[in-house]
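Presented below is the structure to which this report refers.
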Amino acid sequence: MPISEQTRVQAQDLLDFIDASPSPWHAVATAEQRLQAHGFTRLQENQRWQLQAGGRYYAVRGGSSIIAFIMGQGALEESGFTLIGAHTDSPGLRLKPRAAHSCDGVARLGVEVYGGPILATFTDRDLSLAGRVNVRTADGFETRLVRFDEPLVRLPNLAIHMNRDVNEQGLKLHKQNELPLILAMLPKGVDADPLFMGHVADKLGVPVSDILTADFNVYDTQKGVFWGAEQEFVANSQLDNLASCHAALTALLATETPQSTCICAFFDHEEVGSGSSVGADGSFVSDVIERIANSRNLDEEARHCAYHNSFFISADMAHGWHPNFPAAYEPHHHVMVNAGPVIKSNANQRYSTSLDTAARFMLLCEKAGVPYQQYVHRTDLGCGSTIGPMVAAQLGMPTVDVGNPMWAMHSLRESAGALDHGYMIGVMLEAFAGDVS
Ligand code: CO
């Protein structure tokens, strides 16, 4: 399937966005850079907000969740909010607080499993570390982003000679004992902890004693690529869900003077249930929406009208049909990679899509000239969920769950369609432009 130059540029921009974002904290920093370059002003949650009509703003909570918005031209009571939500986090491995230890002279870093990654995909890859460190200052501490660019750590497989059944049984890794990452062979008399902390301190240019706390995500240093006969697919880590963040952000940055107040809300902690101060089940999005309404002096009645004149698109990746595993899919709802955004529904409300919101999204796709597909999970398999249902329950807004089809969700190296990414940007632009209701 050949792809246009515009689609290739959009997909390359996605790969660049992910490569610049090896942790949720970096993803927020990357989004912030782009917002600032497009004239968005940062708001502090602990200071009063003075919002101007037509203004472009954003707020960051906890360094890993970000909400950006453009104040609409229309009366908020009538034009409401057009909100697109996604998540900044991806399942994987996180370093424990005192990660470095020695095992018979080998320095290893202990990890926790964050969310539900396919653990086997972390073996034999050029892994490194990215995260944030709190460094002592004269009057407290400051948070610094840190990224090791070179492959720093590794999880070597056990040779097949000691694991003869690996191809029949699959690669099983004991989470406590078999996931620590190899960092170095320790010279006699050297401990693992000072060796590792020395590395971190050197990177930051501070003494080890100035490091108070650190949060490190394990990431794959391999850059994103195009692949396929026509180079119509992309592969990278974190496509779930930085692809949705990137599509929504790209659409917001290209939106000029919308009628509706257009919002992108990207949350951390989706992969672990969203229940935190920065997660989608916390107060971040409702706080921002309330403060926008306050700035327009909306009374309680007008506020309710605004909520019900709004539309929330919860964007998260979907499961594209994999020809090698046909039995895993609902046979009459195959969604194909590069055949357009997917509308996800679930009778048990694991997805928030309703009859009306699905119809509304279909009309947006038609208007944007974008194909769409419908997905439902197999009845005999447990269905995943998204931030959609919890934000819908909290705000009471009409909500739809959508996402682009992909392969290998939660692998360290995921795949998706370049065409689909362009389609998703197209329909999100149409949503921000408004007037389908
Ligand atoms: Co996701």
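The values are calculated or read from the model by the stated rules, or taken from the named source; none is laboratory data. What you see is a predicted model; the values in this text were computed from it and never measured. Note that we place each Cβ from the backbone using ideal geometry, even for glycine, and neighbour counts take in every protein chain shown. Protein only, heavy atoms only, side chains kept; ligands, DNA and RNA dropped before computing areas. Shrake-Rupley method; radii C 1.70, N 1.55, O 1.52, S 1.80 Å.
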Practice task
Return one whole number: the accessible area per residue of the chain in Å², for a 1.4 Å probe.
Solution key: 43 Å²
Exercise for the section: Hey, can you grab everything whose amide H is under 5 Å from the amide H of S237? Only 5+ residues off in sequence or another chain; H modelled, so Pro and N-termini drop out. Expected result: E414
Completion exercise
Residue separation between H322 and Q349 times 0.36 nm, minus their alpha-carbon distance, gives in nm 7.2 nm
Exercise for the section: Grab the Cα-Cα distance for N294 and V190, subtract it from 0.36 nm times how many residues apart they are, and report the gain in nm with one decimal. Expected result: 31.6 nm
Handout entry: Cα pair distances in the range 262-402, grouped into 5 Å bins until the bin that holds the longest one, percent each
Key = 2, 9, 17, 20, 18, 15, 10, 5, 3, 1, 1, 0
Practice task
Rank T255, T379, T88 by mean-square fluctuation in a GNM of the chain with C-alpha springs under 10 angstrom and give only the top-ranked residue.
Solution key: T379
Exercise for the section: Add +1 for every Lys or Arg and -1 for every Asp or Glu among the other residues with Cβ under 14 Å from the Cβ of A339, and state the total. Expected result: -2
Completion exercise
In degrees, nearest 10, the alpha-carbon axis of helix 192-204 is tilted away from the dominant principal axis of the alpha carbons of the chain by 50 degrees
Exercise for the section: Using a 10 angstrom cutoff on alpha carbons, build the Gaussian network for the chain and name the most mobile of I18, I289, I263. Expected result: I289
Handout entry: Pairs of lysines in the chain (C-alpha under 23 Å apart; 8 or more residues apart or interchain)
Key = 5
Practice task
Using the 2.2 N^0.38 Å rule of thumb for compact globular proteins, work out how the range 92-220 stacks up: its C-alpha Rg over that value, please.
Solution key: 1.15
Exercise for the section: Calculate the spin-label point distance for D104 paired with A20, positioning each point 7 Å from the Cα along the beta-carbon direction, and give it in nanometres. Expected result: 4.5 nm
Exercise for the section: Whenever you get a sec, compute what percent of the accessible area on the chain sits on carbon and sulfur atoms (1.4 Å probe). Expected result: 50 percent
Exercise for the section: Return one quarter of the surface area of the convex hull spanned by the alpha-carbon atoms of the range 148-283, equal to its mean projected area, in nm². Expected result: 15.9 nm²
Problem - Fraction of the pair-distance distribution of the chain above 37 Å, Cα-Cα pairs, percent - result: 27 percent
Handout entry: Separation of the V225 and E256 label points, Cα + 7 Å toward Cβ, nm
Key = 4.1 nm
Completion exercise
For the range 333-345, Karplus-derived ³J(HN,Hα) couplings (6.51, -1.76, 1.60; θ = phi - 60°; whole Hz; x for glycine and proline) come out as 9, 5, 10, 9, 5, 6, 10, x, x, 10, 9, 9, 9
Exercise for the section: Read phi for every residue in the range 68-74 and hand back ³J(HN,Hα) as whole Hz from Karplus 6.51 cos²θ - 1.76 cosθ + 1.60, θ = phi - 60°, with x for Gly and Pro. Expected result: 10, 8, 10, 5, x, 7, x
Practice task
Select from A327, A393, A339 the residue whose mean-square fluctuation is largest in a Gaussian network model of the chain (Cα-Cα springs shorter than 10 Å).
Solution key: A327
Fill in the blank from the handout: Sorted by chain and number, the residues with a modelled amide H under 5 Å from that of H319, at a separation of 5 or more or across chains, are M406
Practice task
Using a cut-off of 12 Å between beta-carbons, work out the net charge of the residues near G110 (Lys and Arg +1, Asp and Glu -1, G110 not included).
Solution key: +2
Problem - Distance histogram in 10 Å bins (all Cα pairs of the range 1-144, percent per bin) - result: 8, 26, 30, 22, 10, 3, 0
Practice task
Taking 7 Å along the Cα-to-C-beta vector as the label spot, tell me the Q394-Q52 distance in nanometres, rounded to one decimal.
Solution key: 3.0 nm
Handout entry: Neighbour net charge for G85 - beta-carbon separation under 11 angstrom, K R +1, D E -1
Key = -3
Problem - Principal-axis tilt of helix 284-295 within the chain, Cα atoms, nearest 10 degrees - result: 40 degrees
